[in-house]
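The values are calculated or read from the model by the stated rules, or taken from the named source; none is laboratory data. On a predicted model such as this, the values are computed, not experimentally measured, just so you know. Here the Cβ positions follow ideal geometry from the backbone for every residue, glycine too, while neighbour counts run over all protein chains shown.
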Amino acid sequence: MKTIQSTEKVVIKVNDSELLDKKWLNFQLLSQKLGEEEQKRKMAYKSLRNRFYNSRACGKYDMKDIAGLPCINIESPMKGKASLELEFVRG
């Protein structure tokens, strides 16, 4: 397992229409939102998404499968320290 060299915090806006059971966000939709954030910040291609995918593979996020779709809990997304810290804002 790699040691976390640096962390990056990202705040993602979500609408109630995007959520399942009012607190779960689809993995692919989150990946798309991270891609938009990369473009907005003029970051390297997939820089946030790679951090997200690697941290997810290590079990750093509160995720669950709902109807076969991997989803993340927006109320408490973090299980531990990860290279990409996620925070969600309803709006």
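Only one of the listed residues (84, 34, 30) is surrounded by 15 or more Cβ atoms within 10 Å (Cβ to Cβ), modelled with pLDDT under 95 and not hydroxyl-bearing (Ser, Thr, Tyr). That residue is 84.
Here is a yes/no grid of residues against (1) of a type in the set (A, V, I, L, M, F, W, C); (2) assigned to a loop (DSSP other than H, G, I, E, B); (3) free of Cβ contacts under 8 Å to residues at least 24 places away in the same chain:
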| position | (1), (2), (3) |
| --- | --- |
| 34 | yes, no, no |
| 37 | no, no, no |
| 40 | no, no, yes |
| 76 | no, yes, yes |
| 80 | no, yes, yes |
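Looking only at the stretch 5-25, residues that are free of Cβ contacts under 8 Å to residues at least 12 places away in the same chain and polar (S, T, N, Q) come to 1 in all. Of all residues in the stretch 1-16, those being of a type outside the set (Lys, Arg) and modelled with pLDDT of 90 or more number 7. Of all the listed residues (34, 29), the sole one being touching a strand residue (DSSP E or B) at 6+ places or on another chain (Cβ under 9 Å) and closer than 25 Å to residue 5 by Cβ is 34. The set of residues from the stretch 14-50 being of a type in the set (D, E, K, R) and closer than 20 Å to residue 69 by Cα comprises 16, 18, 21, 22, 23, 33, 49. So, in the stretch 72-81, how many residues would count as being over 15 Å from residue 59 (Cβ atoms) and surrounded by 15 or more Cβ atoms within 10 Å (Cβ to Cβ)? Adding up the residues that qualify gives 1. Scanning the stretch 1-54 for residues that are within 15 Å of residue 73 (Cβ to Cβ) and aromatic (Phe, Trp, Tyr) gives 24, 27, 52.
Among the residues of the stretch 14-59, those that are of a type in the set (Lys, Arg) and more than 20 Å from residue 82 (Cα to Cα) comprise 22, 23, 40, 41, 42. When the residues of the stretch 42-66 are filtered to those that are without any contact (Cβ under 8 Å) to a residue 24 or more places away in the chain and in a loop (DSSP other than H, G, I, E, B), the one that is surrounded by the fewest Cβ atoms within 10 Å (Cβ to Cβ) is 42.
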